[in-house]
Each structure stands twice: as structure tokens, then as C-alpha cells.
Amino acid sequence: MLRIVFAAALLAACHQDVAEIDGVFYNGDGRLVHCGVDLDSSAHTDEASIDTGLDRARDRHEIVELYAHNPGPGGTVPPAKIEHVLAGAKARGLAFVTYADFANHTEKYPGIALSFDDSFVDAWARMQPMFAQYDARITFFVTRYYQMDADRRGELQQLAADGHDIEAHTVNHLRAPDYVETHGLNAYLHDEVDPSIQLMRDDGFEVHAFAYPFGARTTELDHAIAKRVPVIRSVSFTYPEVASPCPN
């Protein structure tokens with residue numbers, strides 16, 4: 001237990017500022033794999049570090065990519081932290097960019113691409129008044145869509161109607177390289193990727209992008225998924241002691 005606590009303290013103390021992580025800034029280079037920085041409390045990305053990223057996006061005419069999971073009391077990220085990001089982006093004149101914008105080459109600069117992952121649909125819907133207050137457009141990468149009832153699917157439809165972007169995040173949120181190692185690439189595509197895209201398309205979502213659970217990826221997976229969608233999102237860590245899955 002002591003070693004775990006020490007390791008956590010070490011990571012918290014050795015974080016890079018967001019502005020130092022080149023892979024989470026998009027400059028129009030047409031990359032397939034994008035990467036985001038985690039805003040969740042467990043990632044220890046504080047507001048001062050976030051501000052450096054917003055400043056860099058403004059000053060270098062880039063798009064900074066950030067993501068979180070469950071905003072709200074008892075969730076993974078406080079709503080106040082999300083509001084800090086939204087207010088900071090608006091104050092700096094950053095455009096809100098979705099992953100559909102990346103896919104369609106309609107992104108604006110400088111900008112911010114903020115996304116939320118997994119299946120916390122109720123929490124995302126409760127944030128809509130805040131998103132509207134800042135004219136924010138958000139991307140939601142959805143997993144376990146097949147398990148969602150009509151109410152949850154209706155909330156996603158309403159988020160889409162409000163101008164947000166609904167994208168795919170696999171069927172069961174499994175770590176892709178591990179699944180491929182055990183079952184093979186074709187099985188992963190058949191079991192986790194294709195149904196997550198098709199079920200959502202069947203319900204009217206266009207689906208332009210795919211996010212890897214945990215950001216875990218390989219070049220082989222990238223090339224296979226690129227035949228299905230033009231944009232993929234991984235992650236980049238703020239603690240340099242741990243290898244990042246981001247290829248950029």
C-alpha cells in the first residue's frame with residue numbers, strides 16, 4: 001500500500017503542463033490519430049496547467065484536445081473544472097471544435113476539442129445548460145450503447161439536436177491490444193468496433209470518429225479502423241514517466 005501511495009504522489013509531483021505535450025495540439029496536419037489530455041481528478045491535471053494549454057492554442061493558432069468522463073457530484077470531474085475550461089476557452093476566443101469537424105475538415109482555429117467518454121449520459125445531459133451558456137460544442141464518445149434504454153438514447157439524440165457530436169467508443173470498453181492478442185484483429189473489429197459504429201448509425205448518428213478505451217492502440221489497429229472512420233482518438237499522459245499511447 002505504501003508503495004502505491006508513493007507512486008501516486010510521484011506522478012502527481014512530476015506532471016507536465018498541458019502546453020508541453022505536443023501530441024494534444026492539432027495544427028491541421030491531417031493526422032489520423034488525435035490525442036487528448038484527461039481532465040478527471042485522478043489525472044491531477046490542474047487548472048493552472050489547463051490554462052497553459054488554452055494559452056498555447058490561442059498563441060500558436062492550434063486546437064487543444066481535452067477529455068473527461070463523468071461530470072457531477074461523485075463523478076470523475078467537478079463541473080466547476082469543466083466550467084473553468086469552457087470560460088477560459090471563450091475568454092481566449094477559442095472556437096469549439098468537434099471530432100466531426102476534424103473528419104469533415106471544418107475545424108476552426110484557434111480552438112478547443114472537448115470530449116466526454118463512456119456512458120454517463122444522464123450526467124452529460126445535466127451539463128447542457130452550462131454548455132449552452134458558453135456556446136460550447138462537445139463530442140461524446142459512447143460505449144455500451146446497446147445497453148441503453150430509450151431514455152438514455154433520447155438524451156443522446158437531444159444532445160445531437162443541440163449541436164453536439166455523438167461518436168463511437170466500442171461495444172464493451174475493452175482494451176484493444178489485449179483483445180487482439182487473445183482473439184485476433186478481425187475478432188476485435190467484428191465484436192467491438194463495427195457494432196459500436198453500426199448500432200449508432202442505425203439510430204441516426206452519423207459517426208465520424210472512434211475513441212480507443214484507455215487510449216490503448218497499435219498501428220495495426222489504427223490502419224484497420226481507418227477503413228471505417230477517418231478520425232481516431234487516443235490519449236496522451238501528463239506524467240512523462242509513463243509511456244503514452246499517443247503516436248504524435
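Bear in mind these aren't lab numbers, they're just calculated from the coordinates by the rules spelled out. Since the model is a prediction, treat every value here as computed from it, not as a measurement. When we count neighbours, we look across all protein chains shown, and the Cβ atoms used for this are built from the backbone with ideal geometry, even at glycine.
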When the stretch 195-236 is checked residue by residue, the ones that are in a loop (DSSP other than H, G, I, E, B), free of Cβ contacts under 8 Å to residues at least 60 places away in the same chain and on the phi < 0 side of the Ramachandran plot are Asp203, Phe205, Tyr212, Ala216, Thr218, Lys227, Arg228
Filter pass, Thr238 being more than 24 Å from Ala68 (Cβ to Cβ) and either touching a His at 6+ places or on another chain (Cβ under 7 Å) or not aliphatic (A, V, I, L, M) (or both): no
For the stretch 64-76 the number of residues that are surrounded by 17 or more Cβ atoms within 10 Å (Cβ to Cβ) and out of contact with any helix residue (DSSP H, G or I) (no Cβ under 6 Å at 6 or more places or on another chain) is 5
Of the listed residues (Glu181, Glu192), the one being more than 21 Å from Phe102 (Cα to Cα), part of a helix (DSSP H, G or I) and either within 16 Å of the chain's Cα centre (by Cα) or free of Cβ contacts under 8 Å to residues at least 12 places away in the same chain (or both) is Glu181
Checklist line | Condition met for Leu114 (outside any strand (DSSP E or B) and of a type in the set (A, V, I, L, M)) | finding: no
Filtering the stretch 47-69 down to residues that are without any contact (Cβ under 8 Å) to a residue 60 or more places away in the chain and within 17 Å of Val235 (Cα to Cα) yields Ile50, Gly53, Ile63, Val64, Leu66, Ala68, His69
> Residue check: is Ala103 in contact (Cβ under 8 Å) with a residue 60 or more places away in the chain, surrounded by 14 or more Cβ atoms within 10 Å (Cβ to Cβ) and more than 15 Å from Val64 (Cβ to Cβ)?
Replying inline: yes
